[in-house]
Amino acid sequence: MKIPISCPVFGEEEEAALLRTFRTGHWAAGIEVSRLEEELAASIGAKHAIAVANGSLALEAALLALGIGRGCEVVTTPLSFFATTEAIIRVGATPVFADVDPDTYNLAPTSVEEVLTSRTAALLPVHLFGRPCPMDELDAIAARNGLVVLQDACQAIGARYQGRYIGANGTSCFSFYGSKNVTCGEGGAVLTNDEAVADRIRSLRSHGASKDAYLHESVGTNLRMTDLQAAILRVQLQRLPSITGSRQDNSRTLSNHLCNERNIRLPIADDRIFLSSWHQYTIRVPRHRRSAIIEEMRRGGIESRVYYPKLIPTLPAMASMSPLQRTGCLNHAERAVTEVLSLPVHPRVSRNDIEYMAGRLSKALL
């Protein structure tokens with residue numbers, strides 16, 4: 001594709017960091033991981049950062065550390081990557097799906113309140129596409145009902161809500177998969193201000209051991225990130241402000257080019273309340289035209305994608321959960337999956353590319 005949906009930003013600095021670490025011969029979780037954790041926590045404004053092998057395992061470890069398991073219900077979104085729900089199931093808990101806001105695609109607080117029961121133990125909102133959830137409202141619901149909150153921020157590194165980075169408050173999980181805004185191919189992290197949660201995750205990622213590698217206090221597993229990954233991420237983290245700024249500029253420019261198109265709905269941007277990381281720039285198009293639009297863009301060398309084509313409760317993997325899971329009314333989510341379409345806005349996209357994309361989309365909408 002002339003303009004792919006994602007493209008990592010790498011350079012000589014990452015190559016040098018990888019080679020330096022490679023030559024030490026110490027590739028397991030060591031000094032590079034420790035330094036990454038310190039730098040990540042400091043850059044976001046959290047007390048603790050615990051690096052793990054990937055974002056999916058970050059979610060699973062965080063749920064366990066927060067005491068979520070069998071007999072617990074966790075309210076989450078039906079519109080996300082499957083890993084969010086998968087983590088809930090893997091710790092033995094039951095996912096309960098609430099509807100999304102039709103403009104932001106994030107959990108709608110009113111819908112969350114409708115599905116709460118005496119078994120509800122946690123909320124797991126997803127900052128979808130890098131657009132922060134209304135955490136003040138969700139935190140207030142959790143406080144009134146004695147619930148814990150875990151934020152899936154796997155798409156939201158660099159995003160801000162009311163002046164603070166996502167991850168600065170509460171407990172949040174991040175992913176460094178190849179398509180993410182900063183990446184080392186795979187990798188994840190949990191950020192938290194709760195020392196007990198942090199200590200529990202550190203133990204879980206090392207087979208239930210703490211300071212003594214051979215004194216196993218509980219049953220854990222191997223969730224460790226390697227020093228090779230951490231060395232790359234330390235450089236990527238330095239690039240984060242520039243990467244986020246480029247995505248924000250590209251999204252703003254693309255919206256300016258598309259603002260007069262009547263047959264699409266543009267993503268909401270409100271810099272007074274939140275700053276999105278713009279992991280995805282997602283528009284709404286007429287459902288009966290979406291496939292043709294994707295094909296027209298493809299013929300022009302532009303990769304556009306549907307995130308996500310099916311709601312999580314409808315996936316085949318959820319069939320065995322049907323006697324247990326409950327859902328609220330999902331009208332907004334059900335319509336969204338038939339209309340959403342994401343366009344590339346990563347830093348490799350130029351102003352000329354944006355103008356070309358906008359023109360191609362206008363042609364496809366005719």
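Every read-out reported here was derived from the displayed coordinates using simple, explicitly stated rules and does not represent laboratory data. What you see is a predicted model; the values in this text were computed from it and never measured. Quick reminder, even Gly has a Cβ in these numbers, built from the backbone with ideal geometry, and neighbours come from all protein chains shown.
Most tightly packed first, judged by the mean number of other beta-carbon atoms within 10 Å of their residues, the peptides 57-64, 172-179 read 57-64, 172-179. Footprinting exposure proxy ranking of CYS72, CYS184, CYS7, CYS259, fewest other C-beta atoms within 10 angstrom first, gives CYS259, CYS7, CYS72, CYS184.
Can you tell me the relative contact order of the chain? Whole percent, Cα pairs under 8 Å, sequence separation 6 or more. In percent, rounded to a whole number, it is 24. Between LYS47 and GLN162, the FRET efficiency estimated from the beta carbon spacing at R0 = 25 angstrom works out to 0.85.
Relative contact order of region 70-194, taken over Cα pairs closer than 8 Å and 6 or more residues apart, is 18 percent.
One decimal place: the segment SER179-ARG348 gains 59.5 nm when fully extended, by the rule 0.36 nm per residue minus the C-alpha distance. Adding -39500 (n - 2.57) for every DSSP H run of four residues or longer, then dividing by how many residues the chain holds, sets the calculated 222 nm ellipticity at -12000 deg cm²/dmol.
Stretch LEU366-PHE10 to full length: gain in nm at 0.36 nm per residue minus the Cα-Cα span?
124.4 nm
Between GLU355 and GLN238, the C-beta separation translates, for a Förster distance of 30 Å, into a calculated FRET efficiency of about 0.50.
The ranking of ASP152, ASP199, ASP139, ASP212 by Cβ neighbour count inside 10 Å, starting from the fewest, reads ASP212, ASP199, ASP139, ASP152. Sorting HIS216, HIS257 from the fewest to the most surrounding beta carbons within 10 angstrom yields HIS216, HIS257. Extension gain, ASN331-ARG70: 0.36 nm per intervening residue step, less the Cα-Cα distance, totals 91.1 nm.
When you restrict to C-alpha pairs under 8 Å that are six or more residues apart and normalise by the size of region 232-366, the relative contact order lands at 38 percent.
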